[in-house]
Amino acid sequence: MKILVLGSGAREHAIVKALIRTGSVASNVICAPGNAGIAQDVACVPLNANDPASVVAFATAEKIGLVIIGPEAPLVAGVSDALRAAGIPVFGPSQRAAQLEGSKSFAKEIMAAADVPTGMAHECSTIEEVESALDDFGAPYVVKADGLAAGKGVIVTSDREAALEHARKFIGMGILVEEFLAGQEVSLFFLADGHNVMPLTPAQDFKRAYDHDEGPNTGGMGAYSPLPWLPAGFVEEVQRTVAQPTIDELARLGEPFVGLLYCGLIVTERGIRVIEFNARFGDPETQVVLRRLLTPLAGLLHSAATGNLETAPDPRFSDEVAITVVLASEGYPDKAAPNRPIHGLHHAAAVAGVEICHAATAQDGDHLIAIGGRVLSVVAVGKTFHHAREHAYEAIGHIKLDGAHFRTDIAKKVAN
């Protein structure tokens, strides 16, 4: 089966690596548009992944048997709808169902209708409404852009003026002000075929830019899996109270969700609450979740895409620990310094248990350069958290990129 992966980041590189690691033939996997690192593993084509007509034409000409949509933009652009209309199996929800991620207010409506546990929120369309909502909930303040904001649409702060400034920045797309929820955060992915859901394995990511959860929010600076501190029955409870009711409600509305339901959760004193939904694999959690996957990924995703999850095998995961550390360009997440050369990747990849997923890299003659904010994900496995961390940080120590930064505390607490 020929497979087309849409996207150009570390998430897509992790998907490509997992496809090959779990049984797909590399020559049957194509990535569009891909990046310099992905091109070392599979063929990459300069296709506009956000253009439905171009994607359908390419998939038809190449006789693609499965399209896997990585980032959110093609989903919101309706690429999956066009592929389904052409009879091409696609792992990714429809444009309407993808509003679970594209619109925070739509997600809240679905959760309310499905009785899914989540925090209280006020929808705001003016700064005056934001000010009133901030006063209602009090500090710490949680302010979210209603639409897509590349992982930078949320602020959690005790500084009221900073909260208002964030709201002013995104007021054009609508704002949600939410109650602050305290507890451990968990990312849990579910495969969905429109009616059934199948859980993968939990992970935890690190959103803040710097050690000790300081600095601005980012798209994610690292992650680890498994989560040994989770209570027994956690995954089953989330499937019963969150994932399945959400999928059922979308099906009831005539918008069956086919693809990856990302449940961003928090374990509070009052129980599990949903912070957010995404409609695709999360980055950087995908890097650790799929690194531990043993079951053929292509088969699982094809079963979801064709409505056959009920007959698919339950996914199996390695007992090994996986962590990923993100290497970011100087200035990220505000304004990343572009086009700087990267050295040392060969030595980094030679460290035991390590693989490197490229996010924002390009080939410039004989040199690899960084062209964006989050440049690389260094993924490592080990028998224990201590070993996985040792491998990851040894590898990242070999990589040279002027001005780059990374967190040194990924999975540190659970390793101690």
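Going through Ala86, Ala98 one at a time, which residue ends up being open to solvent by 10 Å² or more (accessible area, probe 1.4 Å) and either among the hydrophobic types (A, V, I, L, M, F, W, C) or in contact (Cβ under 8 Å) with a residue 60 or more places away in the chain (or both)? Explain how you work it out, then say what you get.
Details: Ala98 fails: open to solvent by 10 Å² or more (accessible area, probe 1.4 Å).
So the residue among Ala86, Ala98 that is open to solvent by 10 Å² or more (accessible area, probe 1.4 Å) and either among the hydrophobic types (A, V, I, L, M, F, W, C) or in contact (Cβ under 8 Å) with a residue 60 or more places away in the chain (or both) is Ala86.
Going by what's in this entry, would Gly331 be described as on the phi > 0 side of the Ramachandran plot and assigned to a loop (DSSP other than H, G, I, E, B)?
Yes.
Any idea which of (1) surrounded by fewer than 19 Cβ atoms within 10 Å (Cβ to Cβ); (2) closer than 30 Å to Ser94 by Cβ; (3) in contact with a Phe, Trp or Tyr (Cβ under 8 Å, 6 or more places away or on another chain); (4) not hydrophobic (A, V, I, L, M, F, W, C) is the one Asp248 doesn't satisfy?
Evaluating Asp248 over (1) surrounded by fewer than 19 Cβ atoms within 10 Å (Cβ to Cβ); (2) closer than 30 Å to Ser94 by Cβ; (3) in contact with a Phe, Trp or Tyr (Cβ under 8 Å, 6 or more places away or on another chain); (4) not hydrophobic (A, V, I, L, M, F, W, C) leaves (3) as the failure.
Cβ contacts < 7 Å: first residue within 8 Å of Thr295 (Cα to Cα), restricted to segment 307-318; second residue of a type outside the set (Asp, Glu) and open to solvent by 70 Å² or more (accessible area, probe 1.4 Å), any location; separation 6+ or different chain. Result?
If the second residue must be of a type outside the set (Asp, Glu) and open to solvent by 70 Å² or more (accessible area, probe 1.4 Å), the pairs left are Arg316/Leu294; Phe317/Leu294.
Residue by residue, here is whether (1) among the hydroxyl-bearing types (Ser, Thr, Tyr); (2) within 15 Å of Gln99 (Cα to Cα); (3) assigned to a helix (DSSP H, G or I) holds:
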| position | (1), (2), (3) |
| --- | --- |
| Thr241 | yes, no, yes |
| Pro245 | no, no, yes |
| Glu249 | no, yes, yes |
| Gly259 | no, yes, no |
| Ile266 | no, no, no |
| Val274 | no, no, no |
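Identify, by number, the condition in (1) in contact with a strand residue (DSSP E or B) (Cβ under 9 Å, 6 or more places away or on another chain); (2) open to solvent by 10 Å² or more (accessible area, probe 1.4 Å); (3) at pLDDT 95 or above; (4) of a type outside the set (Lys, Arg) that Thr324 doesn't meet.
Only one criterion in (1) in contact with a strand residue (DSSP E or B) (Cβ under 9 Å, 6 or more places away or on another chain); (2) open to solvent by 10 Å² or more (accessible area, probe 1.4 Å); (3) at pLDDT 95 or above; (4) of a type outside the set (Lys, Arg) is unmet by Thr324, namely (2).
Taking segment 63-76 as the region of interest, how many residues are at pLDDT below 95 and small (Gly, Ala, Ser)?
The total comes to 1.
Among Gly7, Gly70, which is the only one that is open to solvent by less than 10 Å² (accessible area, probe 1.4 Å), touching a Lys or Arg at 6+ places or on another chain (Cβ under 6 Å), within 28 Å of Ile275 (Cα to Cα) and not basic (Lys, Arg)?
Step by step, each of Gly7, Gly70 is checked, and only Gly70 is open to solvent by less than 10 Å² (accessible area, probe 1.4 Å), touching a Lys or Arg at 6+ places or on another chain (Cβ under 6 Å), within 28 Å of Ile275 (Cα to Cα) and not basic (Lys, Arg).
Which residue is nearest to the chain's Cα centre (by Cα), if the candidates are limited to segment 13-32 and must be open to solvent by 10 Å² or more (accessible area, probe 1.4 Å) and more than 13 Å from Thr295 (Cα to Cα)?
Of everything passing the filter in segment 13-32, Lys17 is nearest to the chain's Cα centre (by Cα).
Could you list all residues from segment 101-121 that are farther than 21 Å from Val267 by Cβ, within 21 Å of the chain's Cα centre (by Cα) and not charged (D, E, K, R)?
Within segment 101-121, Gly102, Ser103, Ser105, Phe106, Ile110 qualify.
Does segment 350-370 hold any residues that are within 28 Å of Asp334 (Cβ to Cβ), under 20 Å from the mean Cα position of the chain (by Cα) and open to solvent by 20 Å² or more (accessible area, probe 1.4 Å), and which are they?
Listed by number, the list holds a single entry, Ala359.
Cβ-Cβ under 8 Å, sequence separation 6+ or interchain: first residue in segment 400-416 and at positive phi and modelled with pLDDT of 95 or more, partner buried (at least 17 other Cβ atoms within 10 Å of the Cβ) and in a loop (DSSP other than H, G, I, E, B). Which pairs?
Filtered contacts from segment 400-416: Gly403/Ser329.
Select the helices (runs of 4 or more DSSP H) contained entirely in segment 343-416, then report the ones holding at least 2 residues which are closer than 23 Å to Asp41 by Cβ.
Answer list for segment 343-416: 345-349, 385-398.
Can you pull out every residue in segment 290-317 that is open to solvent by 60 Å² or more (accessible area, probe 1.4 Å) and in a loop (DSSP other than H, G, I, E, B)?
Within segment 290-317, Leu294, Pro296, Asn308, Pro313, Asp314, Arg316 qualify.
Need the failing condition index for His347 against (1) over 30 Å from Trp229 (Cβ atoms); (2) at pLDDT below 95, just the number.
The number of the failed condition is (2).
Give the residues of segment 375-416 that are charged (D, E, K, R), more than 21 Å from Ala14 (Cα to Cα) and open to solvent by 40 Å² or more (accessible area, probe 1.4 Å), sorted by residue number. So that I can check it myself, show each step before the final result.
Within segment 375-416, the subset charged (D, E, K, R) is 383, 389-390, 394, 400, 402, 407, 409, 412-413.
Narrowing the set further to residues that are more than 21 Å from Ala14 (Cα to Cα) leaves 400, 402, 409, 412-413.
Residues satisfying the conditions are Lys400, Asp402, Lys412, Lys413.
The values are calculated or read from the model by the stated rules, or taken from the named source; none is laboratory data. Values in this document were obtained by computation on a predicted structure and should not be read as measured data. Positions of Cβ are backbone-derived with ideal geometry, glycine not excepted, and every protein chain shown enters the neighbour counts. Side chains are part of the model used for accessible areas, which takes the heavy atoms of the whole protein and leaves out ligands, DNA and RNA. Shrake-Rupley method; radii C 1.70, N 1.55, O 1.52, S 1.80 Å.
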